[in-house]
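Colleague: My structure is below; once you've seen it, I'll send some questions.
The values are calculated or read from the model by the stated rules, or taken from the named source; none is laboratory data. If you're wondering where the values come from, they're calculated on a predicted model, not measured in any experiment. A quick note on method: Cβ atoms are made from the backbone with ideal geometry, for glycine too, and the neighbour counts reach across all protein chains shown.
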Ligand code: BTN
């Protein structure tokens with residue numbers, strides 16, 4: 001889209017740049033440049049136009065689009081840069097990614113400003129307010145057997161913690177297996193979906209929802225959910241947080257691949273695991289019980305001590 005080509009030029013320019021220079025560079029008319037600048041202004045960009053000097057992009061007001069995300073990604077040293085697909089509004093980035101995975105053969109990241117049918121774990125729904133939250137789904141194609149797929153969710157959880165620590169200097173915790181909490185309130189959720197065949201995993205879609213700049217929550221979830229803004233007081237550029245999460249994901253995924261299980265990344269994951277050495281309640285469908293959380297094993301199962309017996313929790317919910 002021409003407006004994004006113009007945006008790239010404006011982002012790279014620290015002083016005014018004339019409409020003529022932009023039209024020469026892009027091989028389009030000056031009217032087309034003028035229209036593209038107006039479209040960017042409509043999107044919310046603050047662009048100064050000065051006679052005889054040209055255009056200057058003033059401050060970034062946290063606008064999210066593909067170019068902003070790619071621009072932030074370039075400030076990290078990614079080994080693999082996933083293709084970025086951006087929507088202002090979509091039903092669910094996971095649903096889109098599952099359809100796109102049939103035709104796109106490389107890694108890709110679907111990001112949406114807002115979702116109308118966001119999906120949570122265990123068949124729940126997920127609310128993704130526009131302009132304040134992040135909804136994204138990363139599609140990767142690891143050459144791994146099927147039983148390793150659930151571990152990718154844990155790698156993503158550790159990566160979310162890395163990114164939050166990097167940008168907010170606060171210590172997020174993981175509520176096993178993959179909820180990220182700050183001050184005991186849920187900030188991020190992960191929904192991993194996959195497809196496999198006889199050879200193993202075809203693709204894995206790791207869907208991540210982050211409450212970033214939300215300043216309020218509906219009364220029914222305000223006790224359990226919060227945002228990074230509410231907990232830290234910091235307003236964050238969502239593109240920056242997306243770039244950091246995905247960068248740390250690839251970094252941690254490389255570490256994971258050293259052992260192809262949680263062994264190589266266990267220490268990092270456990271350093272964020274909430275309630276290690278403390279009481280947790282295991283919400284087992286066959287009957288709830290109390291136990292002491294010990295850590296995870298190489299498969300990512302939660303190890304707990306229940307009345308002197310070590311148990312492996314492989315699914316379900318644990319309340320901390
Ligand atoms: C949870 O229940 O904690 C998981 C929530 C996962 C929500 C994210 S938002 C982006 C992606 N698209 C979806 O429909 N769901 C995931």
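Colleague: Checking the condition buried (at least 19 other Cβ atoms within 10 Å of the Cβ) and in the same structural domain as residue 138 (by TED's automatic domain parsing), which residue from 104, 90 passes?
Modeller: 90
Colleague: Follow-up. Of the residues 242, 282, 246, 296, which is surrounded by 22 or more Cβ atoms within 10 Å (Cβ to Cβ) and over 30 Å from residue 62 (Cα atoms)? Break it down into steps so the answer makes sense when it comes.
Modeller: On the way: 242 fails: over 30 Å from residue 62 (Cα atoms); 282 fails: surrounded by 22 or more Cβ atoms within 10 Å (Cβ to Cβ); 246 fails: over 30 Å from residue 62 (Cα atoms).
Only one candidate passes the filter, namely 296.
Colleague: How many residues does the range 164-216 contain that are closer than 27 Å to residue 116 by Cβ, surrounded by fewer than 19 Cβ atoms within 10 Å (Cβ to Cβ) and without any contact (Cβ under 8 Å) to a residue 24 or more places away in the chain?
Modeller: Selection size over the range 164-216: 1.
Colleague: Mind listing whichever residues of the range 149-160 are in contact with a strand residue (DSSP E or B) (Cβ under 8 Å, 6 or more places away or on another chain) and crowded, with 24+ Cβ neighbours inside 10 Å?
Modeller: Correct list: 152, 154, 156, 157, 158, 160.
Colleague: Show me the helices (runs of 4 or more DSSP H) found entirely inside the range 182-283 where at least 2 residues are more than 13 Å from the ligand (Cβ to nearest atom) and closer than 30 Å to residue 146 by Cβ.
Modeller: Here the list reads 238-259, 266-272.
Colleague: Go over the candidates 6, 33, 37 one by one and state the one that is crowded, with 17+ Cβ neighbours inside 10 Å, closer than 21 Å to residue 86 by Cα and over 29 Å from the mean Cα position of the chain (by Cα).
Modeller: Criteria check complete, one pass: 37.
Colleague: Then there is this: For the range 92-109, which residues satisfy the criterion of being within 21 Å of residue 123 (Cα to Cα) and within 17 Å of the chain's Cα centre (by Cα)?
Modeller: Step one: of the range 92-109, the residues within 21 Å of residue 123 (Cα to Cα) are 92-99.
Of everything in the range 92-109, those that are within 21 Å of residue 123 (Cα to Cα) and within 17 Å of the chain's Cα centre (by Cα) turn out to be 92, 93, 94, 95, 96, 97, 98.
Colleague: Another question about this same structure. Of all residues in the range 53-76, how many are in contact (Cβ under 8 Å) with a residue 12 or more places away in the chain, farther than 14 Å from residue 4 by Cβ and surrounded by fewer than 19 Cβ atoms within 10 Å (Cβ to Cβ)? Full working, then the answer.
Modeller: Kept after step one, since they are in contact (Cβ under 8 Å) with a residue 12 or more places away in the chain, are these residues of the range 53-76: 53-73, 75-76.
Adding the requirement that they be farther than 14 Å from residue 4 by Cβ leaves 53-56, 58-62, 72-73, 75-76.
Now restrict to residues that are surrounded by fewer than 19 Cβ atoms within 10 Å (Cβ to Cβ): 53, 56, 58-62, 75-76.
Of the residues in that region, 9 qualify.
Colleague: Looking only at the range 123-143, count how many residues are within 12 Å of the ligand (Cβ to nearest atom), outside any loop (DSSP other than H, G, I, E, B) and in contact (Cβ under 8 Å) with a residue 24 or more places away in the chain.
Modeller: Adding up the residues that qualify gives 8.
Colleague: Which of the strands (runs of 3 or more DSSP E) contained wholly in the range 16-118 include at least 1 residues that are more than 16 Å from the ligand (Cβ to nearest atom) and more than 30 Å from residue 204 (Cβ to Cβ)?
Modeller: 47-50, 54-57
Colleague: For the range 68-116, name all the residues that are under 17 Å from residue 244 (Cβ atoms) and out of contact with any strand residue (DSSP E or B) (no Cβ under 7 Å at 6 or more places or on another chain).
Modeller: The answer is 68, 71, 72, 73, 74, 75, 76, 77, 78, 79, 80, 81.
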